[in-house]
Amino acid sequence: MAIEIEVRPQELPLVNDCWNRIGVKGDGSCPELSKVVHCHNCPVFAAAAQHLFQREPPVEFVDEWTQALAREETAPPGDTVAVLIFRVGAEWLALDVRGLHEVAAMRVIHRVPERTNRMLLGLVNIRGELQLCVALAELLGIEVTTGSGERLLIAGDPPRQWAFAVDEVAGVQRLLVEGMSNIPSTVAHSLAHFSQGIFAWDGKRVGYLSGEKIAEFLRERIG
C-alpha cells in the first residue's frame with residue numbers, strides 16, 4: 001500500500017526533486033534517463049535520499065504514520081507504466097523500466113565457441129561481469145541492414161542477466177496501459193509473440209514488449 005504523509009516544508013532539507021519534474025514521475029525529459037534508465041539508479045536521487053534520511057524526525061512523526069496507515073487507499077485514475085523506448089532496425093519498441101538495469105554503449109563482443117550464432121552474439125563485459133549478448137533483431141524477426149547495434153540494454157535478474165543489442169535509445173516515457181492497442185495481424189509473428197500491445201509515441205507506432213516472455217524464451221533456448 002502506498003503511504004503519503006504530510007510533512008511541512010520547513011521540516012525538510014532543501015533537495016533537488018528532479019525525478020518528480022523531469023524524471024520517471026515527471027515528463028521523462030531528463031537527458032540522463034537514457035543512461036541510467038530509472039531515477040533510482042541516478043546519483044542525484046541517491047544523494048537526495050541520503051539527505052532526507054539524515055534529517056531530524058518531526059515531533060508528530062508517530063501520529064502521522066498511525067493516521068496514514070489507518071487511511072483507506074484510493075485507486076488511481078488509471079494504471080500507468082514507465083517504459084524505455086528504443087529502436088531495432090526500423091521498429092520502435094519499449095520495455096518496462098522495472099526489468100532494465102542499465103543502458104550502455106556497445107562493447108566488444110567475444111564469441112563463445114560452438115555457441116555463438118545469429119541470436120546469441122557472444123559475451124560482453126559490463127562493469128567487470130560477462131553477460132550474454134543477444135541480438136533482439138534476430139529474436140524478434142526484424143530485418144536489419146547494419147551490424148549488431150549501437151547500444152546495449154542490460155535486463156534480467158541475477159544470476160542470469162542479458163545484454164540486448166539495439167540501434168537507438170530514445171528515452172523513458174510514462175504511458176497509460178488502457179491506451180494501448182492490440183497487436184495487428186500484419187505484425188511479424190515473432191514480434192507479435194513477444195509483444196503485449198502497441199501505442200503511439202511521437203508520431204510512431206511502438207511495440208510494447210513482454211520482458212517476461214523474452215526471458216523465458218532465452219532461458220529455454222540458451223540456458
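What follows draws every value from the coordinates through simple rules; no lab data is involved. As the structure is a computational prediction, the values presented were derived from the model and not from experiment. Here the Cβ is made from the backbone with ideal geometry for all residues, glycine too, and neighbour counts use every protein chain on show.
As a rough guide to protection, the peptides 125-137, 17-29 ranked by mean Cβ packing within 10 Å, highest first, stand as 125-137, 17-29.
Note down the net charge around residue 104, summing +1 for each Lys or Arg and -1 for each Asp or Glu among other residues with Cβ under 9 Å from its Cβ. Don't jump to the answer; show the numbers that get you there.
Numbers: positive: 35, 107, 127, 151; negative: 102.
Net charge around residue 104: +3.
How big is the dipole moment of the range 80-221 about its Cα centre under a simple scheme where the beta carbon of each Lys and Arg is +1, that of each Asp and Glu is -1, and everything else is neutral? Debye, nearest 20, please.
Working: 15 positive and 16 negative charges, 38 e Å.
Dipole size: approximately 180 debye.
Charged neighbours of residue 166, selected by a Cβ distance under 11 Å, balance to -2 (K, R count +1; D, E count -1). In summary, the lysines within cross-link reach of residue 204, defined as a Cα separation below 23 angstrom excluding same-chain residues under 8 places away, comprise 25, 35. Near the amide H of residue 121, within less than 5 Å, lie the amide hydrogens of 133, 134, 135, all on another chain or at least 5 residues away, with H placed in the peptide plane. Ranking 180, 137, 162 by Cα position along the charge dipole of the range 92-223, where only Lys, Arg, Asp and Glu carry charges on their C-beta atoms, puts 162 farthest toward the positive end.
Let me test this: with uniform point scatterers at the alpha carbons of the range 80-221, what is the Debye-based log₁₀ I(q)/I(0) at q = 0.16 1/Å? The Cα Debye sum returns log10 ratios of -0.81.
Rounded to the nearest 0.05, the FRET efficiency derived from the C-beta distance between residue 79 and residue 114 at R0 = 35 Å is 0.20.
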